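Trainee: Have a look at this one before I ask anything.
The values are calculated or read from the model by the stated rules, or taken from the named source; none is laboratory data. Here the structure is a predicted model, which means the values were calculated and not measured. Here the Cβ is made from the backbone with ideal geometry for all residues, glycine too, and neighbour counts use every protein chain on show. Keep in mind that these areas ignore ligands, DNA and RNA; they rest on the heavy atoms of the full protein, side chains included. Shrake-Rupley method; radii C 1.70, N 1.55, O 1.52, S 1.80 Å.
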Amino acid sequence: NHKAFIFDLDGVIVDTAKFHFLAWRKLANDLGFDFTEEQNEQLKGVSRVESLKKILKWGDRQLSEEEFNRQMALKNENYLSYVEEMDQKEILPGVEKVLNYLIEHNIPFALGSASKNARTILKKIDLYDKFDAIVDGTDVSKAKPDPEVFLIAAEKLNTEPQNCVVFEDSVAGVQAANNGEMTSIGIGNKKVLDEADYIFADFREIEIEFIEKLLRN
Ligand code: B16
Ligand code: MG
(Lines give C-alpha, C1' and ligand atoms only; values in the text may rest on other atoms or scores of the structure.)
(Ligands and ions follow the chains in the order given, each with its own letter.)
Protein backbone atom coordinates (compact mmCIF):
# COMPACT_ATOMS: atom_id res chain seq x y z
CA ASN A 1 0.00 0.00 0.00
CA HIS A 2 1.65 3.15 -1.23
CA LYS A 3 0.94 6.83 -1.73
CA ALA A 4 -0.25 7.92 -5.14
CA PHE A 5 -1.24 11.18 -6.77
CA ILE A 6 -4.18 11.93 -9.04
CA PHE A 7 -4.39 15.03 -11.21
CA ASP A 8 -7.44 16.58 -12.76
CA LEU A 9 -6.70 17.95 -16.23
CA ASP A 10 -8.72 21.05 -17.11
CA GLY A 11 -7.78 23.85 -14.73
CA VAL A 12 -5.00 21.90 -13.01
CA ILE A 13 -2.47 20.81 -15.64
CA VAL A 14 -3.67 23.13 -18.39
CA ASP A 15 -6.02 26.07 -18.51
CA THR A 16 -8.47 24.54 -20.96
CA ALA A 17 -11.23 25.84 -18.67
CA LYS A 18 -10.90 29.13 -20.56
CA PHE A 19 -11.51 27.31 -23.88
CA HIS A 20 -14.54 25.47 -22.47
CA PHE A 21 -15.91 28.83 -21.28
CA LEU A 22 -15.42 30.45 -24.71
CA ALA A 23 -17.03 27.53 -26.53
CA TRP A 24 -20.02 27.21 -24.15
CA ARG A 25 -20.52 30.95 -24.19
CA LYS A 26 -20.60 30.98 -27.99
CA LEU A 27 -23.26 28.26 -27.87
CA ALA A 28 -25.36 30.29 -25.42
CA ASN A 29 -24.90 33.47 -27.45
CA ASP A 30 -25.94 31.66 -30.63
CA LEU A 31 -29.09 30.56 -28.81
CA GLY A 32 -29.70 34.18 -27.79
CA PHE A 33 -28.55 34.43 -24.17
CA ASP A 34 -25.41 34.76 -22.06
CA PHE A 35 -23.99 33.56 -18.75
CA THR A 36 -21.36 34.86 -16.37
CA GLU A 37 -17.91 33.70 -15.37
CA GLU A 38 -19.36 33.04 -11.94
CA GLN A 39 -21.94 30.66 -13.41
CA ASN A 40 -19.11 29.06 -15.37
CA GLU A 41 -17.59 27.84 -12.07
CA GLN A 42 -20.52 25.43 -11.87
CA LEU A 43 -19.50 23.88 -15.19
CA LYS A 44 -15.97 23.01 -14.11
CA GLY A 45 -15.41 19.28 -13.69
CA VAL A 46 -18.95 18.65 -14.92
CA SER A 47 -19.53 16.37 -17.94
CA ARG A 48 -20.43 17.68 -21.38
CA VAL A 49 -24.07 16.55 -21.18
CA GLU A 50 -24.60 17.93 -17.68
CA SER A 51 -22.93 21.21 -18.64
CA LEU A 52 -25.33 21.77 -21.54
CA LYS A 53 -28.32 20.91 -19.34
CA LYS A 54 -27.24 23.55 -16.81
CA ILE A 55 -26.62 26.18 -19.49
CA LEU A 56 -30.03 25.61 -21.11
CA LYS A 57 -31.65 26.00 -17.71
CA TRP A 58 -29.89 29.37 -17.23
CA GLY A 59 -31.20 30.51 -20.61
CA ASP A 60 -34.61 29.01 -19.92
CA ARG A 61 -34.35 27.08 -23.18
CA GLN A 62 -35.43 23.58 -24.12
CA LEU A 63 -34.06 21.62 -27.08
CA SER A 64 -35.19 18.46 -28.80
CA GLU A 65 -32.89 15.52 -28.26
CA GLU A 66 -31.58 15.87 -31.79
CA GLU A 67 -30.85 19.59 -31.39
CA PHE A 68 -29.30 18.99 -27.98
CA ASN A 69 -26.86 16.51 -29.48
CA ARG A 70 -26.15 18.78 -32.43
CA GLN A 71 -25.35 21.72 -30.14
CA MET A 72 -23.11 19.53 -28.00
CA ALA A 73 -21.20 18.39 -31.08
CA LEU A 74 -20.84 21.98 -32.30
CA LYS A 75 -19.51 23.05 -28.93
CA ASN A 76 -16.97 20.26 -28.96
CA GLU A 77 -15.84 21.12 -32.49
CA ASN A 78 -15.38 24.71 -31.45
CA TYR A 79 -13.54 23.66 -28.27
CA LEU A 80 -11.24 21.34 -30.23
CA SER A 81 -10.28 24.19 -32.54
CA TYR A 82 -8.64 25.80 -29.49
CA VAL A 83 -7.11 22.49 -28.35
CA GLU A 84 -5.61 22.08 -31.81
CA GLU A 85 -3.36 25.10 -31.12
CA MET A 86 -2.02 23.73 -27.82
CA ASP A 87 1.54 22.62 -27.08
CA GLN A 88 3.83 22.10 -24.04
CA LYS A 89 3.83 25.83 -23.35
CA GLU A 90 0.23 25.43 -22.15
CA ILE A 91 1.29 23.34 -19.16
CA LEU A 92 0.55 25.57 -16.18
CA PRO A 93 3.54 27.01 -14.28
CA GLY A 94 4.85 24.79 -11.48
CA VAL A 95 3.14 21.60 -12.69
CA GLU A 96 6.21 20.05 -14.30
CA LYS A 97 8.29 20.64 -11.17
CA VAL A 98 5.87 18.44 -9.21
CA LEU A 99 5.50 15.79 -11.94
CA ASN A 100 9.27 15.55 -12.33
CA TYR A 101 9.69 15.08 -8.59
CA LEU A 102 7.16 12.23 -8.62
CA ILE A 103 8.87 10.59 -11.61
CA GLU A 104 12.33 10.87 -10.02
CA HIS A 105 11.05 9.29 -6.81
CA ASN A 106 9.01 6.55 -8.49
CA ILE A 107 5.75 7.76 -7.01
CA PRO A 108 2.88 6.68 -9.24
CA PHE A 109 0.41 9.22 -10.54
CA ALA A 110 -2.73 9.17 -12.66
CA LEU A 111 -4.98 11.50 -14.56
CA GLY A 112 -8.56 11.73 -13.30
CA SER A 113 -10.56 13.92 -15.66
CA ALA A 114 -14.19 14.24 -16.69
CA SER A 115 -13.12 15.17 -20.20
CA LYS A 116 -13.55 12.89 -23.19
CA ASN A 117 -10.82 14.93 -24.85
CA ALA A 118 -8.25 14.25 -22.11
CA ARG A 119 -6.07 11.87 -24.11
CA THR A 120 -5.97 14.24 -27.10
CA ILE A 121 -4.90 17.10 -24.84
CA LEU A 122 -2.22 15.08 -23.02
CA LYS A 123 -0.72 14.15 -26.38
CA LYS A 124 -0.74 17.79 -27.50
CA ILE A 125 1.19 18.87 -24.41
CA ASP A 126 3.49 15.84 -24.56
CA LEU A 127 2.55 14.40 -21.16
CA TYR A 128 0.65 11.33 -22.38
CA ASP A 129 3.45 8.86 -21.65
CA LYS A 130 4.28 10.28 -18.22
CA PHE A 131 1.14 9.06 -16.46
CA ASP A 132 0.97 5.60 -14.88
CA ALA A 133 -2.77 5.55 -15.54
CA ILE A 134 -5.30 7.69 -17.35
CA VAL A 135 -8.96 7.76 -16.37
CA ASP A 136 -11.18 10.15 -18.29
CA GLY A 137 -14.74 10.88 -19.38
CA THR A 138 -14.75 7.83 -21.62
CA ASP A 139 -14.12 5.49 -18.66
CA VAL A 140 -16.76 6.61 -16.18
CA SER A 141 -20.52 6.40 -15.87
CA LYS A 142 -20.94 8.69 -12.86
CA ALA A 143 -19.84 12.31 -12.99
CA LYS A 144 -17.97 14.22 -10.26
CA PRO A 145 -18.91 14.80 -7.37
CA ASP A 146 -19.28 11.03 -7.54
CA PRO A 147 -15.82 9.66 -6.72
CA GLU A 148 -15.91 7.01 -9.49
CA VAL A 149 -13.23 8.59 -11.70
CA PHE A 150 -10.77 8.81 -8.80
CA LEU A 151 -11.63 5.38 -7.40
CA ILE A 152 -10.86 3.78 -10.77
CA ALA A 153 -7.59 5.73 -10.83
CA ALA A 154 -6.65 4.42 -7.34
CA GLU A 155 -7.39 0.89 -8.48
CA LYS A 156 -5.25 1.31 -11.59
CA LEU A 157 -2.43 2.62 -9.39
CA ASN A 158 -2.84 -0.44 -7.13
CA THR A 159 -3.47 1.50 -3.98
CA GLU A 160 -6.25 2.35 -1.53
CA PRO A 161 -8.23 5.59 -1.91
CA GLN A 162 -7.01 6.71 1.54
CA ASN A 163 -3.46 6.81 0.14
CA CYS A 164 -4.39 9.05 -2.76
CA VAL A 165 -3.88 12.79 -3.06
CA VAL A 166 -6.09 14.55 -5.61
CA PHE A 167 -5.41 17.92 -7.26
CA GLU A 168 -8.61 19.62 -8.42
CA ASP A 169 -9.73 23.05 -9.59
CA SER A 170 -13.48 22.43 -9.43
CA VAL A 171 -15.97 22.33 -6.58
CA ALA A 172 -17.45 19.08 -7.95
CA GLY A 173 -13.96 17.56 -8.20
CA VAL A 174 -12.94 18.49 -4.65
CA GLN A 175 -16.20 16.96 -3.45
CA ALA A 176 -15.50 13.82 -5.52
CA ALA A 177 -12.08 13.45 -3.86
CA ASN A 178 -13.59 13.98 -0.42
CA ASN A 179 -16.38 11.51 -1.18
CA GLY A 180 -13.71 8.98 -2.13
CA GLU A 181 -11.93 9.57 1.21
CA MET A 182 -8.88 10.92 -0.54
CA THR A 183 -6.80 13.96 0.39
CA SER A 184 -8.10 16.89 -1.65
CA ILE A 185 -5.95 19.75 -2.84
CA GLY A 186 -7.83 22.66 -4.37
CA ILE A 187 -6.09 24.67 -7.08
CA GLY A 188 -7.68 28.07 -7.47
CA ASN A 189 -9.84 30.40 -5.45
CA LYS A 190 -9.91 29.81 -1.66
CA LYS A 191 -13.49 31.01 -1.38
CA VAL A 192 -14.74 28.70 -4.12
CA LEU A 193 -12.78 25.60 -3.05
CA ASP A 194 -13.14 25.88 0.72
CA GLU A 195 -14.11 22.20 1.08
CA ALA A 196 -10.59 21.10 0.06
CA ASP A 197 -8.09 19.83 2.66
CA TYR A 198 -5.47 22.24 1.28
CA ILE A 199 -5.85 25.12 -1.18
CA PHE A 200 -3.27 26.80 -3.42
CA ALA A 201 -3.78 29.54 -6.01
CA ASP A 202 -1.63 27.57 -8.46
CA PHE A 203 1.23 25.06 -8.62
CA ARG A 204 3.89 27.74 -8.22
CA GLU A 205 2.75 27.99 -4.59
CA ILE A 206 3.32 24.27 -4.01
CA GLU A 207 6.78 23.58 -2.57
CA ILE A 208 8.45 20.20 -2.84
CA GLU A 209 8.54 20.19 1.00
CA PHE A 210 4.74 20.12 0.92
CA ILE A 211 4.75 17.11 -1.43
CA GLU A 212 7.24 15.37 0.90
CA LYS A 213 4.98 16.11 3.85
CA LEU A 214 2.04 14.51 2.02
CA LEU A 215 4.17 11.45 1.35
CA ARG A 216 4.99 11.08 5.06
CA ASN A 217 1.37 11.45 6.23
P1 B16 B 1 -15.26 17.31 -22.59
P2 B16 B 1 -11.68 18.03 -15.89
C3 B16 B 1 -13.84 18.64 -17.34
O4 B16 B 1 -12.49 18.29 -17.26
C5 B16 B 1 -14.00 20.14 -17.46
O6 B16 B 1 -13.63 20.79 -16.26
C7 B16 B 1 -15.44 20.48 -17.77
O8 B16 B 1 -15.58 21.87 -17.93
C9 B16 B 1 -15.86 19.75 -19.04
O10 B16 B 1 -17.21 20.00 -19.36
C11 B16 B 1 -15.66 18.25 -18.84
O12 B16 B 1 -14.29 18.01 -18.54
C13 B16 B 1 -16.02 17.45 -20.08
O14 B16 B 1 -15.12 17.79 -21.08
O15 B16 B 1 -16.36 18.08 -23.22
O16 B16 B 1 -13.90 17.61 -23.15
O17 B16 B 1 -15.55 15.83 -22.56
O18 B16 B 1 -11.63 19.34 -15.20
O19 B16 B 1 -12.44 16.95 -15.14
O20 B16 B 1 -10.33 17.58 -16.39
MG1 MG C 1 -10.86 20.64 -13.72
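Trainee: Quick one: grab Rg to one decimal and Dmax as a whole number for the range 92-141, Cα atoms only, in Å.
Mentor: Values for the range 92-141 (Cα only, Rg and Dmax): 11.4, 34 Å.
Trainee: If I model the range 111-198 as equal point scatterers sitting on the Cα atoms and use the Debye formula, what is log10 I(q)/I(0) at q = 0.10, 0.11, 0.13, 0.22 Å⁻¹?
Mentor: -0.23, -0.28, -0.39, -1.07
Trainee: Report, to one decimal in Å, the Kirkwood hydrodynamic radius for the range 8-52 based on all distinct Cα pairs.
Mentor: 10.9
Trainee: Using the Cβ atoms and a cut-off under 12 Å, what net charge is assigned to the surroundings of Ile103, where Lys and Arg are +1 and Asp and Glu are -1?
Mentor: -2
Trainee: Same structure, new question: Once the convex hull of the alpha carbons of the chain is built, what does its volume come to per residue, in cubic angstrom?
Mentor: Hull volume normalised by residue count: 110 Å³.
Trainee: Give me the net charge of Phe33's neighbourhood, meaning all other residues with Cβ under 9 Å from the Cβ of Phe33; Lys, Arg count +1, Asp, Glu -1.
Mentor: -1
Trainee: Could you provide, to the nearest whole Å², the per residue accessible area of the chain with probe 1.4 Å?
Mentor: That works out to 50 Å² per residue.
Trainee: Where the centre of each part is set by its Cα atoms, how far does the range 121-172 sit from the range 33-61, in angstrom?
Mentor: Distance between centres, Cα-based: 23 Å.
Trainee: Along each of its three principal axes, how wide is the spread of alpha-carbon positions in the range 55-96, in whole angstrom units, largest first?
Mentor: Over the range 55-96, Cα extents along the principal axes are 43, 20, 12 Å.
Trainee: Distances over 21 Å make up what percent of all Cα-Cα pairs in the range 1-103?
Mentor: Percentage above 21 Å: 43.
Trainee: Could you work out what % of the accessible surface of the chain is carbon and sulfur, using a 1.4 angstrom probe and leaving DNA, RNA and ligands out of the count?
Mentor: 44
Trainee: Right, next: What number comes out for the charge environment of Asp197, summing +1 per Lys or Arg and -1 per Asp or Glu over other residues with Cβ under 14 Å away?
Mentor: Around Asp197, the surrounding residues sum to -2.
Trainee: Return the long-range amide H neighbours of Asp169 (sequence gap of 5 or more, or a different chain), with a cut-off of under 5 Å between placed amide H atoms.
Mentor: So Asp169 has HN proximity to Ile187.
Trainee: What does the accessible area of Leu92 come to, in Å² to the nearest 10, when a probe of 1.4 Å is used?
Mentor: Estimated to the nearest 10 Å², Leu92 gives 50 Å².
Trainee: Can I ask one more? Most mobile of Asp146, Asp87, Asp136 per a Gaussian network model of the chain (Cα springs, under 10 Å)?
Mentor: In this elastic network of the chain, the residue with the biggest mean-square fluctuation among Asp146, Asp87, Asp136 is Asp87.
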